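Below you'll find the structure, written out as structure tokens, and then a few comments.
The values are calculated or read from the model by the stated rules, or taken from the named source; none is laboratory data. Quick caveat: nothing in here was measured; it's all calculated off a predicted structure. Neighbour counts run over all protein chains shown; Cβ positions are idealised from the backbone, glycine included.
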Amino acid sequence: MRVLSIVHQEDAASGVFADAAAEHGDELTEWSISDGARPPRPLESYDAVLVFGGAMHVDQENRHHWLRNEDELLRGLLDRRVPVLGVCLGAQLIAKALRARVGPLARPQIGWFDVEQTPEAADDPVFADLPRRFSSFQWHSYAFDLPANAVPLARDPVCLQAYRAGESAWGIQFHAEVTKESVDDWFRSSKPPDAPLDLDALRQETEEKIAGWNEFGKRLCGRFLDAASSGA
């Protein structure tokens, strides 16, 4: 398959999802939509699309004008039932394209948090084979409501963490794609007023958990690619 990876900033790219695509035998191409460049190929030539995160928010279209174009693009993909998987901002953008509410949390959710699957996840092509409860890496200050007619797949006490819309679109709030290198970049660029947290403790916890988390991420993305290639 040809897989398009939509990237919003350099330090929030495909990560281990690119490894999963390579292991799946797929051709993955990254496209930085925020640069204003056209996609490498016509959108119709891609079999699946990954949409990643970024420091911007879905309601900042006046500051990031390309968000309007991305909203239109995602609506088109959803209408054509192209398999799509969104991560963090990507999941929020898909939810917004489906007219669900996306808005700020009372406080940012940053670090490692336990997430639990919903009963509906037991029959989901992507989540059914994943652990029912897992520790996840999070870095976000917005969250999405469940789109109309979508299926909730995972939650934690803070917010909805995953959903499936129809048979071809998934959104996850947690960062299953991150590598240690990208997380280290986020640690270095974080500012205490924006992210009041114990960075030393978070670095230590990340050192202990990142290898297993990367295996989880590749497994999740692999399941998505399986579903995309089989038309599930």
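The table below lists the values:
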quantity	calculated
Boolean, residue 228 is of a type in the set (Gly, Ala, Ser), assigned to a helix (DSSP H, G or I), surrounded by 15 or more Cβ atoms within 10 Å (Cβ to Cβ) and modelled with pLDDT of 90 or more	yes
Residue, nearest to residue 77 (Cα to Cα), within the stretch 145-193, restricted to residues that are among the small types (Gly, Ala, Ser), within 16 Å of the chain's Cα centre (by Cα) and not in a loop (DSSP other than H, G, I, E, B)	169
Lone unmet requirement of (1) among the acidic types (Asp, Glu); (2) more than 16 Å from the chain's Cα centre (by Cα); (3) over 17 Å from residue 143 (Cβ atoms); (4) at pLDDT 95 or above for residue 114	(3)
Selected residue (criterion: surrounded by the most Cβ atoms within 10 Å (Cβ to Cβ)) from residues of the stretch 31-60 that are under 18 Å from the mean Cα position of the chain (by Cα) and of a type in the set (A, V, I, L, M)	51
Cross-chain or 6+ apart pairs with Cβ under 9 Å, the stretch 131-146 first and without any contact (Cβ under 8 Å) to a residue 40 or more places away in the chain and closer than 14 Å to residue 216 by Cβ, then outside any loop (DSSP other than H, G, I, E, B) and polar (S, T, N, Q)	132/117; 133/117; 138/109; 138/161
Test: residue in the stretch 132-144 that is part of a helix (DSSP H, G or I) and not β-branched (Val, Ile, Thr)	no
Within the stretch 41-131, strands (runs of 3 or more DSSP E) holding 1 or more residues that are basic (Lys, Arg)	102-117
Hits in the stretch 83-114 (condition: over 13 Å from residue 169 (Cβ atoms), in contact (Cβ under 8 Å) with a residue 60 or more places away in the chain and among the β-branched types (Val, Ile, Thr))	110
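The rows are residues; the columns are (1) modelled with pLDDT of 95 or more; (2) closer than 12 Å to residue 164 by Cβ.
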| residue | (1), (2) |
| --- | --- |
| 108 | no, no |
| 123 | yes, yes |
| 135 | yes, no |
| 146 | yes, yes |
